[in-house]
């Protein structure tokens, strides 16, 4: 890795910093256990291309250091592997090879086997640590999970944060544990057959703790603007080392931490006019570095619905990115389950069953059509040619819960029968499903936006959070907006910490049993058949009703059939296939009665196995 502090074989350290706007850079060392607390600054040599470097035997594992810019301000290492004193403190030299890994035989898992469990490390358990997550791995295996998805862990300011405000992208946040604690979590997950995915944020740096503008303003460009200010300079002058910084960050998590995949947050906010763009180059670099060793999967969040990043080769293997989070299918189901049509839900309000049917058949609901929410701008690209495994589906995730004013989960907003139907639909469809922590036992705790910025930002964050909702009718009154929880209040964070004792209550055990049952069916009957499933799906929605049907030909030639009625009234005129029922929400009637009806909020799955007899 060309950035940061590299531990050498002789125990010394090579320090490097890209600081093209600095005239002089020194390394300031601080030893915790030696008699020397703070040494005299060590001047770094000027190297070509805006670099400064120093190799010294005065530093070793555990040495804390900062860089002094032009004899004045001291700043942490932007490629720090650990920030024990938060974003404004010293960086620490870490030995990246210290861990004795036990997963040497781990080669990953096939993408078709993915069942995701998204979690925020700080609120998943009361301890809020990597070690505490490790203690819950057996529970997740029993649930039917095959892939952990960690919300970003890159070092953030303050005591709590969602993680999308990371300032030091190579440093696991010290509140969750040390770097080796995260490696131990990944190692333990692999020993149980679990993949581990990490969210990474390459569209901006957090607003506090990042000092790049002081000595490397070339990281940013005013030519591109984002919701967080000036864009990352991926395509202008001096962009080579900016691109390398993020490419090496991705490789760092995949190689040094043995991650099985990355989820790239909000790539629609990355503006890059170069060819190849950063997403293409990054994926190619990851493939060349890792592909021969084990299976690694790259996933996008992309509001643009850019199907071009998800293309497959003639053998149905992804060229670069294996899948995208499919917000469309969530939005369709949310409208059906809750009746809400504000904000981006307005795009699905007219005919949510039509859009849901299109998601099941073709992936994206919007494939170039004008979006009313986006002032009728066209959104999306054609996706019908992609396999259903190119889209990750969910009823909850951190965004769809946490970006609500009061952080309500879907089970607080709808009745049990519609929720049961939606779960049966998503967990048994070919697309890989994602659960959000606590969903599996019907957790009713809110998950709100929370953070812990310094005084300079605190008031702006609170005001900004409340202003976001001003265009919603129920929050036009300032008094109504004032009731929106304060993200800086510690109680907002505390309310999100999962209460695992509640899981033992009868009503929660019922939901837990349902999730386990559905995921067991998925594991047993669907996953073995998903490999090489193509994007050739027949689906039909019933105009003016909540009924729909869909047929998939799976990779082994079996036929998977869905019949659903997502409405409060009975649907008649049903002609069910003469195939075995895989699952029905109305088990006593197999989802329909003898008059050819589908009961309200019923979902029936059929599986016709391919006849392989001679």
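Condition check ((1) under 23 Å from residue 436 (Cβ atoms); (2) surrounded by 12 or more Cβ atoms within 10 Å (Cβ to Cβ); (3) in the same structural domain as residue 407 (by TED's automatic domain parsing)) across all residues:
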{"position": "461", "(1), (2), (3)": "no, yes, no"}
{"position": "465", "(1), (2), (3)": "yes, yes, no"}
{"position": "470", "(1), (2), (3)": "no, yes, no"}
{"position": "475", "(1), (2), (3)": "no, yes, no"}
{"position": "489", "(1), (2), (3)": "yes, yes, yes"}
{"position": "509", "(1), (2), (3)": "yes, yes, yes"}
* **Matching residues, segment 43-76, being within 13 Å of residue 5 (Cα to Cα) and either without any contact (Cβ under 8 Å) to a residue 12 or more places away in the chain or touching a helix residue (DSSP H, G or I) at 6+ places or on another chain (Cβ under 9 Å) (or both)** => 67
* Any idea which residue in segment 560-589 is surrounded by the most Cβ atoms within 10 Å (Cβ to Cβ), counting only those that are in a strand (DSSP E or B) and over 31 Å from the mean Cα position of the chain (by Cα)? -> 571
* Return yes or no: is residue 430 in contact with a helix residue (DSSP H, G or I) (Cβ under 6 Å, 6 or more places away or on another chain), within 20 Å of residue 143 (Cα to Cα) and buried (at least 23 other Cβ atoms within 10 Å of the Cβ)? => yes
* Check off (1) in a loop (DSSP other than H, G, I, E, B); (2) free of Cβ contacts under 8 Å to residues at least 60 places away in the same chain; (3) crowded, with 24+ Cβ neighbours inside 10 Å for residue 175 and give me the number that stays unchecked. => (3)
* To do: Report whether or not residue 373 is in contact (Cβ under 8 Å) with a residue 12 or more places away in the chain, closer than 22 Å to residue 323 by Cβ and not assigned by TED's automatic domain parsing to the domain that holds residue 543.
  => no
* Considering only segment 511-554, state which residues are buried (at least 20 other Cβ atoms within 10 Å of the Cβ), free of Cβ contacts under 8 Å to residues at least 60 places away in the same chain and in a helix (DSSP H, G or I). => 529
* Asked: For segment 309-316, does any single residue satisfy the condition of being within 30 Å of residue 99 (Cα to Cα), modelled with pLDDT of 95 or more and in a helix (DSSP H, G or I)?
  -> no
* Positions within segment 600-614 being modelled with pLDDT of 85 or more, surrounded by fewer than 19 Cβ atoms within 10 Å (Cβ to Cβ) and out of contact with any strand residue (DSSP E or B) (no Cβ under 6 Å at 6 or more places or on another chain), in sequence order -> 600, 609
* Which one of these is modelled with pLDDT of 90 or more and either closer than 25 Å to residue 139 by Cβ or in a loop (DSSP other than H, G, I, E, B) (or both): 491, 419, 457? -> 419
* To do: Determine which single condition residue 204 fails, assuming it passes every other condition in (1) touching a helix residue (DSSP H, G or I) at 6+ places or on another chain (Cβ under 9 Å); (2) within 17 Å of residue 261 (Cα to Cα).
  => (2)
* Given 289, 384, 323, which one is crowded, with 22+ Cβ neighbours inside 10 Å, assigned by TED's automatic domain parsing to the domain that holds residue 433 and either under 29 Å from residue 109 (Cα atoms) or touching a helix residue (DSSP H, G or I) at 6+ places or on another chain (Cβ under 7 Å) (or both)? -> 323
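The values are calculated or read from the model by the stated rules, or taken from the named source; none is laboratory data. Nothing here was measured: the structure is a model prediction, and the numbers come from that model. As a convention, Cβ positions derive from the backbone with ideal geometry for all residues, glycine included, and neighbour counts pool all protein chains shown.
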